[in-house]
1. Return the long-range amide H neighbours of C68 (sequence gap of 5 or more, or a different chain), with a cut-off of under 5 Å between placed amide H atoms.
2. Note down the relative contact order for the chain as a percent, whole number, built from C-alpha pairs under 8 angstrom at least six residues apart.
3. With N set to the residue count of the chain, report its C-alpha Rg divided by 2.2 N^0.38 Å to two decimal places.
4. Collect residues whose amide H, placed 1.01 Å from N in the peptide plane, falls under 5 Å from the amide H of V40; neighbours closer than 5 in sequence don't count.
5. Taking the number of other C-beta atoms within 10 Å as the exposure measure, put V20, V91 in order starting with the fewest.
6. Over 16 Å apart: what share of the alpha carbon pairs of segment 1-62 falls there, rounded to a whole percent?
7. As a footprinting exposure proxy, order R34, R65 by other Cβ within 10 Å, with the fewest listed first.
8. Under a GNM of the chain (C-alpha, springs under 10 Å), which listed residue has the highest mean-square fluctuation: A81, A46, A17?
Amino acid sequence: VSAVKALKAIYDSNGLAETVTDEEILDAQKLLARTEGVGVEPASAASIAGLKKLVEQGDIDKGERVVCVVTGHLLKDPNTAIDACVDPVQVDADIDKIKEILLNK
């Protein structure tokens, strides 16, 4: 899609567009994985990051119905997700130690 066509679609539909930072995109990527179980590449998370930002700014009401298209699977860019993860914790096979680790995180 060319920029001219994208702008025409925004104007013709009385829509809007918003910029998002890399940090906002990565946060949206984590949010999708954590809350929906959907793993997407950062480019796909941009639509969610934009939606989140527009809701926070009051440009979109919380109750509005919105569709965000997320087409790129996480496996297209797995290193970004891997780099964002914390290192795994090793713990003995003891339920009390496991509870201690989980409750202190």
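Readers should treat all values here as calculations from the given coordinates under stated rules, not as data from a laboratory. Fair warning: this is a prediction, and the values are worked out from it, not measured in the lab. Glycine gets a Cβ as well: all are built from the backbone with ideal geometry, and neighbour counts include every protein chain shown.
1. none
2. 21
3. Taking the Cα Rg and dividing by 2.2 N^0.38 Å, one obtains 1.43.
4. L74
5. Listed from fewest to most nearby Cβ atoms, that is V91, V20.
6. 53
7. On the way: R34 9, R65 5.
Arranged by neighbour count, lowest to highest, R34, R65 become R65, R34.
8. Evaluated over the chain, the most mobile residue of the options is A17.
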